[in-house]
Amino acid sequence: MDSLLTLSESTILTWITFIPLIGMVAILCVPRQNMSLVKGIAGLATFIPLVLATMVYFGDFQIGANGYQLVQSTPWITAGKFQVNYTVGIDGLSLPLVWLTTLLMFIAVPASETVPRLSKAYYALLLMLGCGITGVFVSLDYFLFYVFWEVMLLPMYFLIGIWGGPKREYAAIKFFLYTLAGSVLMLIALIAMYLDQGTFSIPEMMAIGKAGAWTGPDLLGMSFTTWAFWFLFIAFAIKIPCFPFHTWLPDAHVQAPTPISVILAGILLKLGGYGLIRGCFPIVPDAFRENAYILGVLGVISIVYGAYVALGQTDFKRMVAYSSVSHMGFVLLGMAALTEWGMNGAALQMFNHGTSSAACFLIVGVIYDRAHHRDLNAFGGVAQVMPRYWALATFGFFASLGLPGLAGFVSEAMTLVGAFQSDDSRFQILVLISCLGVVLTGAYILWALQRVFLGPLNEKCKDFPDINGREIFSLAPLLFLCLVLGIFPFYLLDWMDTSVVELMSLLNPGS
Amino acid sequence: MDHPLTSLDWNLLLAVPAIPLAAYVLQIFLGKRLPGKGDWLPTAGMFVVMCITVRMLFVALGAAGHGPFFHESVREGGPVFGWFYQAAEKDPSLNLVAGILYDGLGAAMLAVVGVVSFFVHLFSIGYMKGDRRYHIFFANISLFTFAMLGLVLSDNLLFLFIFWELMGLMSYLLIGHFSHDPDSPRINQAAAACKKAFLTTRVGDTCLLFGMAMFYYHFQTFQFSEMWRLAAEEVARNGGDYPTWMTVAGLFVFGGTMGKSAQFPLHIWLPDAMEGPTPVSAMIHAATMVAAGVFLLGRTFPLLSPEVLQVVTVVGSVTALFAATIGCTVNDIKGVLAYSTISQLGFMVAAIGTAGGAVGTVGIGLVAGLFHMVTHAFFKACLFLSAGSVIHGCHHEQDMRKMGGLRKKMPLTFTAMLICTLAIAGTPLFSGFYSKDKIIASAWEVVLGHGGWIGPFALVCLALAAMLTTFYMFRLIFMTFFGKPKDQHIHDHAHESPAPMVVSLLALASLGLFGGKMWAMDGDVLGEHTWFESLVWHVDHETGETEQFLYPGLDLTKMNIASAAEARIHDPEHTAHIGHEAHTRALIVSLGVLLLGLLGAVMFYLVRKIDPARVTAKLGPVYTTIANKYYIDEMVDGSVIRGTMVLSRTQTWIDENIVDGLVILIGRTNKAFGFVCAWIDKNIVDGFVNLVAGVTQVCSSVVRMLQTGRIQQYVSFAVAGGILLAAFHILS
């Protein structure tokens, strides 16, 4: 570990990562019947990391400092020349996502109340998932990163496969195999790069990438770095998910129980975007620059295509799932543009999508718990019986739509304006096309709102109770974040900016 | 020289949007529990806002007399905050610093919004009584006002856009107000209308966003004053012409105006928007929402190239005439007003477009268009509220064919509506005259100064539209207030509206009369100098010399009003002559079309010398087309909406069957391959192993036969072997 890159040392990240795992062990020791204790432990094991992460956000973390902070590094596996370190640390790009993870994990516990066949294994797996996701965000060692990446896959498989909807096995297997296929590509690239330069340390690999020092052989007419780039890109693109690797997402979302959908949309997808800026682009920057335009095109296809397909859905949750494909396309577009605003917008969009799409899934969950179906055409006039729910749902969906004053607008506008400024003038056309997606987003969201909430009351909906306190408790923090970050985006941008500038200097050797 | 605005003034300006915002928050959370469901709270807040904006208008009027210093960039004096980043060292081109821009145009518009909005609030107390979501209505209308006030005060394009979109949201919620009401007979229409309004304007908004991205790419700033300056530099660098990219970007910005200000063909949302409660229509059609588009043109005028202005002229003229023809066929009292709004917006937009080509008086069209936005806000708000009063009095009947003879039942409403009808028709002494006359004059200047078809086209469209305006507005008056009652039941129960409504009507009507020009004070009835002009543009009508305060430090005659300067240098006397000539001709045309339209309405609907049914029968398909709004809605449904749905369904199919199909295919292939492997494994690989084992077994069973355990046999084998070996040795 290059000590120059380390600003401060601390064990707090380890605590944030592993407290859920301690909670999991504790839950396994509790008798099966005592569910209230299980829920209590789950709540505590997600609340403490949230408090710690908040303390890091507003306390320990130094804004405007280069490099990684709160680093803890110790040798983990040593076998001859083979050396793997346990290295964790954060910068402005990972910190917001770590915080978001702890928040959504905390929200997921009360939101799980209505999951059918609930048992203590559910909470144990949920906590294990939290540990895996946080671990990916804090890892500074690629091997560790990969281990956490796989750790989070397993609980997700069971959470969808056991507590999901009618087609849960299909969805779970599809999710698992699809992600695993990506992981294999990542592993191949990882081993090849280790054999080339003999390090798993992400900062060191970035330095090698910046110096252009990868020496691996060409293969089938493509350079070593290009191969590594595409392998890593596909691994992360599956997670984003970007067209054409997205079809696991709607199935997984529709079958997963509400809190798992929230985590899936809120943070699991961010692993893809985060993986690109931490474990792909800066490691092989030359190959990235060569192929940036293709990524931009894929991003725009995701935006427009995702919006069109969302418009064609009749399942409420499936529509929201496809809206994720559309919104995450902005992340790819902003990154590919290689401008400061574009990159900032992409990083911001990841966080904002994390809050707004998580809120949208909670909103869908509320109506599903009452109607036990999600057919958009079988509602109507729900606003009359559930006025508070209508107000919150409108809020959430308009945040997702990118209404100014709410968070999504800042990131989408920054992304679009940033992409327009790209040195590659072909991006201007891409921005123009993606504007179509902006209009379509309005179309499918308003159409859905109209069909569910407005117009004459559907008789079957007339006994629905309004949204209750527990549901508001889960939803309120997300909506609050959408509002605050829409009005004061600097609460994220100030934190991220230095790291974004640093990232840009890694990607653009000229600047 | 000292800055004319004190720090108190700045704080008051900050309070202007803050008050309705605070009222919104209080009202949405507490409204239901407050006495009177809190209707007094936003109304009182708006009263304070009105007082502040009017006071500030007088400050501005006082300062304007001293010259253009008042309109300098106010960054230094005003409150400023960094939006994207708080870090002080952040490159300002990447950060977004927001402040307040308070200039002549802003002062006028702010006061208009404050005044109109207060009276709409007051009116609503009477009109909305007993509504199911009464407190929510007041909260929303308050936030709607907040959005417009913020838009007017924004000193940069991005903040303008934010408030612009916020207004879109509020219009969505307010137009859809009745979509929650199970007792409303038009609950479905309201639900569809609010969606349509939001989506149609969003098409325009997205164009605007793209245009903004283009300007930002070249200018690295969203601040208006910087953009104006950089545009001037860019044009100067380019030898006095606008570069192509500015034309393209300008067209995209104008796309935003087309959406918000309901220009053809994005006008389709506005007639449907009357599904909202009538006070909301008054807000949307007058001071907020549609005015925002025209206001945007005022703020971005120096960025628009002459080519863009030509497009603006044509679109505006077409809209003005097109909507006016429809207005003559509508029977819904609010529908007539809705189409009249579209038509009047066409006037404003066309006027701003003609500013680029008018040669006599520099910038007359721009001033006239913006001025018409101001006067129109007064009389259109009053007209809508009067229509609301009529609807309220007739127990929610909106069809004019069932009204008639109401003038004795509702004398005050009648008075207010008549005044504003005279104003919108452009009758001298009424506010609309002062702005509309200048619009026609601007069109005349283009005709007199240039060849080309755009000038005559605009003039003919606008003159015809003005004539039709008079016609359909008096048609409305005659059908509603004159003649015999068509439906005795409605007539019997009709009553004058309660006090808050009538007070609002009369207050706005008096502004409809005097809002353009206080001629009663100085006797200058022809309106050589209006208060609005003194704020934005000093025009010397004798020489045609002008001095503009809208864009400090810019010489527009070197930019998009270049034709005027060229003509002047070429022949100064001729241009002065054109100015006079246009003015005289405009007056004649204005009065001529006014009388013609009035005469037509009288013949058709008052003395009934001509039977409208005969005329419509003669017109046949032409009438049917107009009465069906030229089938624009059907065309949009058939092309855009159906096209989108087809694309959507196709892509959903592709997604399910091809993209996902491929994934499933890969899965199935692998699974099948697995089964093949399993078969091979079981039958071939394992079979080979079994074969080896089998062969071994066979061999061993053969060999086993030898293993008998009898000594005699082993000895005989040994002997035989020995004989064989001996034979071998002997033979070799």
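Would you mind checking the tilt of helix A:387-401 against the longest principal axis of the Cα atoms of chain A, expressed as 0 to 90 degrees and rounded to 10?
The helix A:387-401 is inclined about 30 degrees to chain A.
What's the whole-number percent of alpha carbon pairs in the range A:413-457 lying beyond 16 angstrom?
Tail of P(r) above 16 Å: 51 percent of Cα pairs.
What are the chymotrypsin sites (Phe, Trp or Tyr not before Pro) within the range B:224-283 that DSSP puts in a loop, where the Cβ has at most 12 other Cβ atoms within 10 Å?
none
What whole-number distance in Å separates the alpha-carbon centres of the range B:671-720 and the range A:104-139?
Going from one Cα centre to the other spans 57 Å.
Per DSSP H run of n ≥ 4, the term is -39500 (n - 2.57); total these for the protein assembly as shown, divide by its residue number, and report the mean residue ellipticity at 222 nm rounded to 500 deg cm²/dmol.
-23000 deg cm²/dmol
Sort A:158-170, A:457-469 by packing, meaning the average of other beta carbons within 10 Å per residue, with the highest value first.
Averaged packing, sorted descending, gives the order A:158-170, A:457-469.
Counting each pair of different Cα atoms once, what's the Kirkwood radius of the range A:337-482 in Å, rounded to one decimal?
16.4 Å
Rg/Rh for the range A:216-310 to two decimals, with Rh computed the Kirkwood way over all alpha-carbon pairs.
1.04
Hey, how much of the P(r) for the range B:596-732 falls beyond 19 Å, as a percent of Cα pairs?
82 percent
Just in the range B:600-694: which trypsin sites (Lys or Arg not before Pro) are loop by DSSP and have at most 12 other Cβ atoms within 10 Å?
Filter output for the range B:600-694: B:608, B:609.
Average partner chain C-beta neighbours within 10 Å, per residue of A:452-459?
For peptide A:452-459, the averaged partner shielding equals 4.
Based on the alpha carbons, how large is the Rg to Rh ratio for the protein assembly as shown when Rh follows Kirkwood?
1.09
Say R0 is 35 Å: what FRET efficiency, to the nearest 0.05, do residue A:55 and residue A:508 get from their beta-carbon distance?
Approximately 0.50, to the nearest 0.05.
For the range B:134-194 and the range A:315-393, what is the separation of their Cα centres, given in Å?
22 Å
Using 24 Å as the Cα-Cα cut-off, could you pick out the over-long pairs in B:334/B:484; A:270/A:317; A:39/A:462; A:460/B:196?
Among B:334/B:484; A:270/A:317; A:39/A:462; A:460/B:196, the Cα-Cα distance tops 24 Å for A:39/A:462; A:460/B:196.
Ratio of alpha-carbon Rg to the 2.2 N^0.38 Å globular estimate for the range A:13-144, to two decimals, please.
Here the Cα radius of gyration is 1.16 times the empirical estimate.
Considering every pair of different Cα atoms, what Kirkwood radius, in Å, is found for chain A?
22.8 Å
Mind checking the full-extension length gain between residue B:657 and residue B:640? Use 0.36 nm per residue of separation minus the Cα-Cα distance, one decimal, nm.
Separation in residues times 0.36 nm, less the Cα-Cα distance, equals 3.6 nm.
In debye, nearest 20, what is the charge dipole magnitude of chain B about its Cα centre with +1 on Lys and Arg Cβ and -1 on Asp and Glu Cβ, if you could check?
3020 debye
Return one number: the angle in degrees, 0 to 90 and rounded to the nearest 10, between the long axis of the Cα atoms of helix A:224-239 and the longest principal axis of the Cα atoms of chain A.
20 degrees
Could you work out the per residue convex hull volume over the alpha carbons of the range B:219-277, in cubic angstrom?
Once divided by residue count, the hull of the range B:219-277 is 107 Å³.
Among B:172, A:57, which comes first, then next, by fewest other beta-carbon atoms within 10 Å?
Sorted ascending by nearby Cβ count, the order is A:57, B:172.
Rg(Cα) of the range B:372-474 divided by 2.2 N^0.38 Å?
That works out to 1.31 for the range B:372-474.
Please give the charge dipole size of chain A, origin at the Cα centre, charges +1 on K and R Cβ atoms and -1 on D and E Cβ atoms. Round to the nearest 20 debye.
Magnitude of the dipole: close to 1520 debye.
Based on the mean of other Cβ atoms within 10 Å per residue, sort peptides B:483-489, A:140-146 so the most packed one is first.
Those peptides, ordered most packed to least, come out A:140-146, B:483-489.
Using a Förster distance of 30 angstrom, determine the FRET efficiency expected from the C-beta separation of residue B:401 and residue B:183, and round it to 0.05.
0.75
To one decimal place, what orientation-averaged projected area in nm² is obtained for the convex hull of the Cα set of the range B:200-326?
Result: a mean projected hull area of 7.9 nm².
How long, wide and thick is chain B, going by the Cα atoms along their three principal axes, in whole angstroms, largest first?
156, 69, 58
To the nearest whole number, what is the average tally of beta carbon atoms from other chains within 10 Å of the beta carbons of peptide A:439-445?
6
Can you list which of the DSSP-assigned H helices in chain B have a Cα extent of 27 Å or more along the long axis and an average Kyte-Doolittle score of at least 1.6?
B:40-64, B:104-127, B:134-153, B:454-481
Treating the beta-carbon of each Lys and Arg as +1 and of each Asp and Glu as -1, no other charges, what is the dipole magnitude of the range B:404-516 about its Cα centre, to the nearest 20 debye?
240 debye
Could you tell me the relative contact order of the range B:406-515? Use alpha-carbon pairs under 8 Å, at least six residues apart, and round to a whole percent.
48 percent
Report the FRET efficiency, 1/(1 + (r/R0)^6), for residue B:631 and residue B:32, where r is their Cβ-Cβ distance and R0 is 45 Å, rounded to 0.05.
0.50
Got the relative contact order for chain B handy, in percent, Cα pairs under 8 Å and 6 or more residues apart?
It rounds to 13 percent for chain B.
For the range A:400-511, just the Cα set please: Rg and Dmax, both in angstrom.
Expressed in Å, the Cα Rg and Dmax of the range A:400-511 come to 19.6, 65.
Where the centroid of each part is defined by its Cα atoms, how far is the range B:369-444 from the range A:253-313 in Å?
The range B:369-444 and the range A:253-313 have Cα centres spaced 54 Å from each other.
What ranking do B:48-54, A:26-32, B:108-114, B:374-380 get when scored by the average of other Cβ atoms within 10 Å per residue, highest first?
By packing density, highest mean first, the sequence is B:374-380, B:108-114, B:48-54, A:26-32.
How charged is the neighbourhood of residue A:327? Take every other residue with its Cβ under 13 Å from the Cβ of residue A:327, and add Lys/Arg as +1 and Asp/Glu as -1.
Counting the neighbours of residue A:327, the net charge comes to 0.
Enumerate the residues in the range B:437-473 having an amide nitrogen under 15 Å from the point lying 7 Å beyond the Cα of residue B:622 toward its Cβ.
Label zone hits: B:464-465, B:468.
Calculate the mean, over all residues of peptide A:370-382, of how many other protein chain Cβ atoms lie within 10 angstrom of the residue's Cβ.
Average per residue, whole number: 1.
We did not get these values from a lab; they are worked out from the coordinates using the rules stated. Only a predicted model underlies this, so the values are computations on that prediction, with no experimental measurement involved. Cβ: placed from backbone, ideal geometry, glycine included. Neighbour counts: every protein chain shown.
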